[in-house]
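For reference, the structure discussed in these notes is given below.
The values are calculated or read from the model by the stated rules, or taken from the named source; none is laboratory data. Predicted model, so just to flag it, every value in this text is computed and none were measured. Methodologically, a virtual Cβ is constructed for each residue, glycine included, from the backbone with ideal geometry; neighbour enumeration extends over all protein chains shown.
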Amino acid sequence: MNDLTPNHLVDAKGLKCPMPVIKLQQQVRKSQAGEFIAIQCTDPGAEKDIASWAKVNKHFIKHVQQTDFGCIILLEVKAKS
């Protein structure tokens, strides 16, 4: 993933909306600013849902990798305000 090694991995495979976003949000709350979280998703809507959530919360989607099971999304946690 472009040498951006995740600090945390969230396995959201098999989960339907809104659970991937909720699992990601739980990990973000435990993470530090600037850390990377990779989330594995099988829900076809997860990429769009996570992108929308990230934009609202000012996190950064760094990379999306399509996989045989769905996708892996790499998110950078924003600085705490």
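Structure values in brief
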quantity	calculated
Matching residues in segment 2-41 - criterion: being free of Cβ contacts under 8 Å to residues at least 40 places away in the same chain and under 16 Å from HIS63 (Cα atoms)	ASP3, THR5, ASN7, HIS8, LEU9, VAL10, ALA38, ILE39, GLN40, CYS41
Residues (under 16 Å from MET19 (Cβ atoms) and among the β-branched types (Val, Ile, Thr)) located in segment 47-71	ILE50
Residue in segment 39-54 that is acidic (Asp, Glu) and closer than 15 Å to VAL10 by Cα present	yes
In segment 25-47, the residues that are in a loop (DSSP other than H, G, I, E, B) and of a type outside the set (Val, Ile, Thr)	SER31, GLN32, ALA33, GLY34, GLU35, ASP43, PRO44, GLY45
Among residues of segment 45-56, those that are surrounded by 13 or more Cβ atoms within 10 Å (Cβ to Cβ) and not small (Gly, Ala, Ser), counted	4
All positions within segment 71-81 that are at pLDDT 95 or above and part of a loop (DSSP other than H, G, I, E, B)	VAL77, LYS78
Residues satisfying the stated conditions in segment 33-44, i.e. buried (at least 19 other Cβ atoms within 10 Å of the Cβ) and of a type in the set (A, V, I, L, M)	ILE37, ALA38, ILE39
Counted residues, segment 48-70 - those being within 12 Å of the chain's Cα centre (by Cα) and either closer than 21 Å to THR5 by Cβ or part of a loop (DSSP other than H, G, I, E, B) (or both)	9
Residue in segment 12-24 that is assigned to a loop (DSSP other than H, G, I, E, B), modelled with pLDDT of 95 or more, surrounded by 12 or more Cβ atoms within 10 Å (Cβ to Cβ) and aliphatic (A, V, I, L, M) present	yes
